[in-house]
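Structure, as structure tokens:
What follows draws every value from the coordinates through simple rules; no lab data is involved. Values in this document were obtained by computation on a predicted structure and should not be read as measured data. A quick note on method: Cβ atoms are made from the backbone with ideal geometry, for glycine too, and the neighbour counts reach across all protein chains shown.
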Amino acid sequence: MSLFNGLEEAARPNLGQEMHDFAASLFPICRSITGKGIRETLARIETRIPLDAYDVPSGTKVFDWTVPKEWNIRDAYIADVGGRRVVDFQKCNLHVLNYSVPIDERMPLDRLKAHLFTLPEYPDWIPYRTSYYKEDWGFCLAHRQMTQLKDGEYQVRIDSTLEDGCLTYGECFLPGRSGDEILISCHACHPSLANDNLSGVTVATFLAKHLAGHDLRYSYRFLFIPGTIGAITWLARNRETAGRIRHGLVLTCIGDAGGFHYKKSRRGNAEIDRAAAHVLRHCGEPAKVLEFSPYGYDERQYCSPGFNLPVGCLMRSVWGSFPEYHTSADNLDFIKPSSLANSLRVCATILDVLENNQSYQNTLPYGEPQLGRRGLYGSEAGGEEIMARLWVLNLSDGQHSLLDIADQSGIVFSRIHAAAELLCQKGLLSVAGEDRVKTKMQDAARHKTNSQNQ
Amino acid sequence: MSLFNGLEEAARPNLGQEMHDFAASLFPICRSITGKGIRETLARIETRIPLDAYDVPSGTKVFDWTVPKEWNIRDAYIADVGGRRVVDFQKCNLHVLNYSVPIDERMPLDRLKAHLFTLPEYPDWIPYRTSYYKEDWGFCLAHRQMTQLKDGEYQVRIDSTLEDGCLTYGECFLPGRSGDEILISCHACHPSLANDNLSGVTVATFLAKHLAGHDLRYSYRFLFIPGTIGAITWLARNRETAGRIRHGLVLTCIGDAGGFHYKKSRRGNAEIDRAAAHVLRHCGEPAKVLEFSPYGYDERQYCSPGFNLPVGCLMRSVWGSFPEYHTSADNLDFIKPSSLANSLRVCATILDVLENNQSYQNTLPYGEPQLGRRGLYGSEAGGEEIMARLWVLNLSDGQHSLLDIADQSGIVFSRIHAAAELLCQKGLLSVAGEDRVKTKMQDAARHKTNSQNQ
Amino acid sequence: MSLFNGLEEAARPNLGQEMHDFAASLFPICRSITGKGIRETLARIETRIPLDAYDVPSGTKVFDWTVPKEWNIRDAYIADVGGRRVVDFQKCNLHVLNYSVPIDERMPLDRLKAHLFTLPEYPDWIPYRTSYYKEDWGFCLAHRQMTQLKDGEYQVRIDSTLEDGCLTYGECFLPGRSGDEILISCHACHPSLANDNLSGVTVATFLAKHLAGHDLRYSYRFLFIPGTIGAITWLARNRETAGRIRHGLVLTCIGDAGGFHYKKSRRGNAEIDRAAAHVLRHCGEPAKVLEFSPYGYDERQYCSPGFNLPVGCLMRSVWGSFPEYHTSADNLDFIKPSSLANSLRVCATILDVLENNQSYQNTLPYGEPQLGRRGLYGSEAGGEEIMARLWVLNLSDGQHSLLDIADQSGIVFSRIHAAAELLCQKGLLSVAGEDRVKTKMQDAARHKTNSQNQ
């Protein structure tokens, strides 16, 4: 039976709102690639799923990179001569250039302006800017506000520290029957940005929660990491075992109202690529499959040529392609409860394909078996159910996986899988070749579990 | 020279009418998957072509199936209280549910109605229904007629037998120079249905007749069988030798006025698939190539995974897609003399491709040979004739078959084949590799035949 | 660095006019497949590039062909009874049927007409006709002029000779660091025809001139030959070494105002096919890639199955598809300076791809290297420059050539190549596998050259 049959978890009526609430609880935290913000975020995730946090000291060499100093910030503002905060980090953490070094100076507007960032084309939005690898300081604000700043002196204060410390990331590992792993990775290093960052964090958290309740074929590894440097750090620390990853997804920008986009792994025809394309084709929302490109989120690192892992990237609106991206408009209104819930459903459905995709052998391969006398051909089954049975029987020669059969027949995987399970029960199908061995071990594992349950 | 040059047989002016007449002669017979109807049909086919009939006893295990009891029917009717037959098998054999068990009872209309089948959406047509594997009885009639039946008692009589006997099928085997076989299969188990059943029977009969007059590369096996159980029975009895089948066609619904449809074999790229697609592309009628699916006619059995024979299905209108299908409207008016004749022509042309498709070797492969001084480049040849020669010379490297060359050049196979024959005569081409050996044997066989003719 | 960086030669402002002037200087010569015309043409080419002329005696067997007698002509005319030349070879060398045997006779118009060729559909144009392999004589003239000829006697004179001599062709060989060759072939056997013949001759001449100034990876062989018999003769004399040709282009009809057409080699996916398609896709003019066909220019011979060389054909308007083809309207007005110059640029760009196409190895393949600290990620580079670097790094696994990367990324080859050179300088890339060996030899060769230059 499908591990995700009915996807009850994903169908829970308030699920979308619960997910949105969780994102909302993380929204105010001022995250960065290091520091207390990401640690607090991981602590909140850990209230929902088992999570191990890893601290990697500043200065650690990770491939071609070095773990940077840890950045923390308590306060930041620009105050006018009257002492009134005209730009205030306490109101919105996007106001400070992320990774700003400390400053406490009085300076005229002219000098200050070289450190101000705005978006003239969206005059009411605050841009999100960072300066991780070049020491600098700055403020981000609405263009309209900047144009209204009066000439004169301003007190500029950033109460931050940039000191040796560590880079922290979180891992949630769910052991399955096999040591082969499925990787789910999301970045958790952006401050108050909802779609870019928190949507991925939220879907990953709820997905892990959902999986934790099931008997799993694969082991699952969820990473909540700072973008780029975090993925590189993880890969450097897990170089030898990264090869266990059989399939992977980077989740980002997955909570907005747009349709789905799946960007293929570098391999282009990996099982995850085919599974994601299949599920999106049948998901009932607009969806598009994009070719791999070496630009984007952490799939860039997982798909670097030395690793070439089968990891794609699942999004709704593509990062960089919507104006709210990397601005204060990517807020909690920009992500929708229903979008979050359906993204979770789609992710779970992709994993359902991976969990259940295997090859079978028709046990009566000469001519068709007589379905009628087994009650498999009657009008009680819908036409597509019978077609699914015929397709599975016809293509189960040990060479076609269920996903192959689903794609060739045009029938959704879950229906093909259900047909295969039924035909197995009726003795008309058996697990093929190598899969047979795996399944026997699975049966043993299941039996053990059942015994324990009794 | 082409075995089918000019396709004189197919071009005979009255051919279509002769074919239609033959179908008409078979039309009134009440066929089923067993019984006298199919035997009488085979006897009439045997008046035209050599045919062996095989009787397989009821109860014989054939793979997962069992040969059913033999069904025969003499009479059936529903009579009103006045004794007037309101539904009469003698008027149309579709009126009886095929394989109905005997009954002779008086019953009220209400009880009778559970055994009546109609088509409300086509109120003047009688549907065709069967109950082969579940003992039942019933009558089929026009919906309009049923609504006019008056309440009251009716005498219901079906004078049928369902007893141990046998399943009968016919085989016409035409030996060729090679033991490799081409299979032509059609079902002959439907009562008075013209397109679904008799069109295939008629085209197959005339095709066998046509081939019988030629020196053949392949051996040909024509099967006239009950659908499903017949194909399964034949495969079970010929399991070891079925592998001789190199190419095959199931013929069904091939006499109506619609364009052609060719459904590919399970292999999808078998030579028969490419030959049929090529011929349809050039046939001058609308034509479409369909992907394989495990639903349809007996290609389902031939293409079951244990056999996976290269057998496609040639149709005009696709079964199930036209309203007349499995109704009394699939009558002799629904099939057209010109359609039957052209279907025969298309079949013969496909076989012509298979008979003549082989690879050659250009004997002067360095630069072009000088065609001009051999009279092969002059204006007496049309432009496409010269192009055919150039294509054959250029691609005859032992790796490209004539069908490859026809497809790559876009030139019809017969013209490519004619060019190859001419270039062989001129010494510019020789049969390649393995084909060479086969052809030498063929030449020996031809020589023998010629000697005998002298 | 690219051998063709900036393509300065091709960008020279007067280049197009210079090319047109060169074509104009060759235009009046009465060329044929043998004789003084082609020799004079080769002599003029030799004033610009190093050229070896080869004389092959009449009667020499070249594969299936024989080198014909040499044809020369001094004068030809049709004069009326008053002695006035009504058709005069001195005015236009197209007036005489090329390869006409000598004649000096008086005859009535009726008899003469059997030897006159016109184009009724273009009544003002003189057609171009030949009779190389069948001894004949004739005149070509405007249809309008023919219809105005008065009945009566005409003096018909062709002062030609057809005698043992030789077939002459020219070869320009430019040695490169490798013995692997690139072939550039054009026919130089047509009399006063500009696009069909002189455009190819001109582009090839200027291309050779351009290449002669560079350090070359490949050796280059330019052939200026009579069509068909010349290519066959060259292949017959170079049969053993023709395999050195790694890439090749036939140039013809490449000076008119139409867009580009590249006809693929017989192989269809040779590196030259991919390079030409890539360059045309980015060339900024309308361009179309055509499948191989065994009809056309000398690619027919190079792509004959015994050789199957990777030689395509680059054209603007396709021969035979424009009405001016093989008529007096294919004159110096029909070819454009700008078209000639841009054709040269496209040819040089194709060669640039071939010269620089190789595979590299990312030296830091685990995760992305940190481009920022190397100044490779800054805003001083355009977005596409950074993308080119990311693509090259991601796909440089020794399996993808730069052309593969250019095609997959959609970025023009020159930019991909520039990125690879820069990444090599920064130590992030090294030449892969076999290419490495080649390149080391190239470096040695370069070093030697540099030493000599010092």
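At a glance:
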{"quantity": "10 Å Cβ shell holding at most 15 others, DSSP loop, trypsin sites (Lys or Arg not before Pro): longest site-free stretch of chain B", "calculated": "B:240-425"}
{"quantity": "Label point 7 Å beyond Cα of C:ARG111 along Cβ direction - residues of region C:120-141 with amide nitrogen under 19 Å", "calculated": "C:136-140"}
{"quantity": "Dmax and Rg, reported as Rg then Dmax, of region C:166-216 (C-alpha, Å)", "calculated": "12.8, 38"}
{"quantity": "Label 7 Å beyond Cα on the Cβ vector: A:ARG48 copy-to-copy distances, nm", "calculated": "7.3, 7.3"}
{"quantity": "Of every Cα-Cα pair in region A:108-173, the percent that sits beyond 14 Å", "calculated": "69"}
{"quantity": "Estimated vicinal HN-Hα couplings, Hz - region B:112-119 in sequence order (Karplus 6.51, -1.76, 1.60; Gly, Pro = x)", "calculated": "4, 4, 5, 10, 9, 10, 9, 10"}
{"quantity": "Percentage of interatomic Cα-Cα distances in region C:359-436 larger than 22 Å", "calculated": "13"}
{"quantity": "Acute angle (nearest 10 degrees) that the helix A:433-453 long axis makes with the longest principal axis of chain A, alpha-carbon atoms", "calculated": "80"}
{"quantity": "Beta carbon of chain B nearest to the axis of the rotation taking B to C, residue and angstrom distance", "calculated": "B:ASN269, 11"}
{"quantity": "Charge dipole (debye, nearest 20) of chain A; +1 at Cβ of Lys and Arg, -1 at Cβ of Asp and Glu", "calculated": "580"}
{"quantity": "Flagged links, alpha-carbon separation over 31 Å, of A:LYS69/A:LYS113; C:LYS209/C:LYS264; A:LYS288/C:LYS264; C:LYS61/C:LYS113; A:LYS36/A:LYS150; A:LYS288/C:LYS288", "calculated": "A:LYS288/C:LYS264; C:LYS61/C:LYS113; A:LYS36/A:LYS150"}
{"quantity": "Dimensionless Rg over Rh [the protein assembly as shown; C-alpha; Kirkwood]", "calculated": "1.05"}
{"quantity": "MRE, 222 nm, helices only [DSSP H, n ≥ 4, -39500 (n - 2.57), over chain C, to nearest 500]", "calculated": "-10000 deg cm²/dmol"}
{"quantity": "Label spacing, shortest first and in nm, from A:ALA24 to its equivalents in the remaining copies (7 angstrom along Cα→Cβ)", "calculated": "8.1, 8.2"}
{"quantity": "Considering only chain B, percent of DSSP beta bridges that pair antiparallel, nearest 5", "calculated": "65"}
{"quantity": "Two-decimal log10 I(q)/I(0) for chain A, as the Debye equation yields it once each C-alpha is a single scatterer, q = 0.06, 0.07, 0.11, 0.12 Å⁻¹", "calculated": "-0.31, -0.41, -0.88, -1.01"}
{"quantity": "Long-range amide H partners of C:ILE126 with built H, under 5 Å", "calculated": "C:SER328, C:ALA329"}
{"quantity": "Fewest-first ranking of C:SER293, B:SER160, using other Cβ atoms within 10 Å as the exposure measure", "calculated": "C:SER293, B:SER160"}
{"quantity": "For B:THR228, B:THR233, C:THR66, C:THR205, order by how many other beta-carbon atoms lie within 10 Å, fewest first", "calculated": "C:THR66, B:THR228, B:THR233, C:THR205"}
{"quantity": "Inter-copy label distances at A:GLU121 (7 Å, Cα→Cβ; nm, one decimal)", "calculated": "5.3, 5.3"}
{"quantity": "In degrees, nearest ten, helix B:383-395 long axis to first principal axis of chain B (Cα)", "calculated": "80"}
{"quantity": "Shape call, region A:263-355: gyration tensor on alpha carbons, a/c limit 1.5", "calculated": "oblate"}
{"quantity": "Largest to smallest principal axis extent of the C-alpha atoms in region C:219-317, angstrom", "calculated": "39, 26, 25"}
{"quantity": "Acute angle (nearest 10 degrees) that the helix A:200-211 long axis makes with the longest principal axis of chain A, alpha-carbon atoms", "calculated": "30"}
{"quantity": "Beta bridge orientation in the protein assembly as shown: antiparallel %, DSSP, nearest 5", "calculated": "65"}
{"quantity": "Whole-number D in µm² s⁻¹ for region A:1-148, Kirkwood Cα-pair radius fed into Stokes-Einstein, 20 °C, 1.002 mPa s", "calculated": "116"}
{"quantity": "Whole-number D in µm²/s for region C:9-92 (Stokes-Einstein; Kirkwood sum over Cα pairs; 4 °C, 1.567 mPa s)", "calculated": "80"}
{"quantity": "Projected label distance in nm at A:ASN238 and A:ARG373, using a 7 Å step from Cα toward the beta-carbon", "calculated": "5.3"}
{"quantity": "3J(HN,Hα) from dihedral phi, region A:30-38, Karplus parametrisation 6.51/-1.76/1.60, rounded to Hz, x for glycine, proline", "calculated": "8, 7, 8, 6, 9, x, 5, x, 5"}
